[in-house]
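Let me begin by presenting the structure, written as structure tokens, before commenting on it.
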Amino acid sequence: MLKLTYTESSFYLEYIALSLEEWVKTRVILALRVGQSVCVEPSTASFLLPADLPGIEALRAEARFADREIIDVSTSDAEYVEITLRGYWLSDGYEDADGVFVTMISDAPNSRTELFVYKLWQVAQTCASVMSE
């Protein structure tokens, strides 16, 4: 499972070795126990990765074999590819709510595609931090 947490200036991607249902169930139980509202709704999330990142072409091939309704890799421009994921937005239900996006690309435990997306994102973050220094 992949979890995207949005911040004011960026986002953070996590790979979690749990099923989507198990993670959401735990989150809902936590919300019930602390008296917090929780809203789960279908949504999409997109982010950019450098087009010249080693492994992008392999991700394109992997996405073709994965469920096309859950992950799409498309060319954004000469410098970036856009990764679009379909999943669920969890928040407290208010319009300006903070929240997290979760998705599961494959029903297989420890999905290779999810782990691959996560590893590529990590490499992109490392490259970006080295370039900004």
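No lab work stands behind these numbers, since they all come straight from the coordinates. Fair warning: this is a prediction, and the values are worked out from it, not measured in the lab. Heads up, the Cβs are rebuilt from the backbone with ideal geometry, glycines too, and the neighbour counts pull from every protein chain shown.
How big is the charge dipole of the chain about its Cα centre, in debye rounded to the nearest 20, if each Lys and Arg gets +1 on its Cβ and each Asp and Glu gets -1 on its Cβ?
Approximately 480 debye in magnitude.
Among Ser37, Ala17, Leu4, whose Cα sits farthest toward the positive end of the charge dipole of segment 1-44 (+1 at Cβ of Lys/Arg, -1 at Cβ of Asp/Glu, about the Cα centre)?
Ser37
Using alpha-carbon pairs under 8 Å, 6+ residues apart, how would you state the relative contact order of the chain in percent? Each step should come with its number before you reach the end.
Details: 208 pairs, mean separation 41.8, N = 133.
Once normalised by length, the contact order is 31 percent.
Name the GluC sites (Glu not before Pro) in segment 53-107 that are in a loop by DSSP and that have at most 13 other C-beta atoms within 10 Å, would you? Provide the component values of the computation, followed by the final result.
Details: sites: Glu57, Glu62, Glu69, Glu79, Glu82, Glu95; in loops: Glu69, Glu79, Glu95.
In loop regions of segment 53-107 (DSSP not H, G, I, E or B), the sparsely surrounded GluC sites (Glu not before Pro) are Glu69, Glu79, Glu95.
Using a 7 Å offset from the Cα along the Cα-to-Cβ direction at both Leu30 and Tyr94, what is the distance between the two label points in nm, to one decimal?
Going by the 7 Å Cα→Cβ label model, 1.9 nm.
Can you compute log10 of I(q)/I(0) for the chain with the Debye formula, treating each Cα as one identical point scatterer, at q = 0.14 Å⁻¹?
Listed by q, the Debye log ratios stand at -0.66.
Quick check on segment 60-105: take the gyration tensor over C-alpha atoms, sort the square-rooted eigenvalues as a ≥ b ≥ c, and tell me if it's rounded (a/c under 1.5), prolate or oblate.
Oblate, since a/c reaches 1.5 and b/c is not below a/b.
About its Cα centre, what dipole magnitude does segment 7-73 give when the only charges are +1 on Lys and Arg Cβ and -1 on Asp and Glu Cβ, stated in debye to the nearest 20? Let's see the in-between values first.
Working: 6 positive and 11 negative charges, 54 e Å.
Charge dipole of segment 7-73: 260 debye, to the nearest 20.
From the phi of every residue in segment 48-57, what ³J(HN,Hα) in whole Hz does the Karplus formula 6.51 cos²θ - 1.76 cosθ + 1.60 yield, where θ is phi - 60° and glycine or proline is x?
Values per residue, Gly and Pro as x: 9, 10, x, 5, 8, 5, x, x, 4, 5 Hz.
At Val40 and Ala17, where each label point lies 7 Å from the Cα along Cα→Cβ, what is the point-to-point distance in nanometres?
Output for this residue pair reads 2.3 nm.
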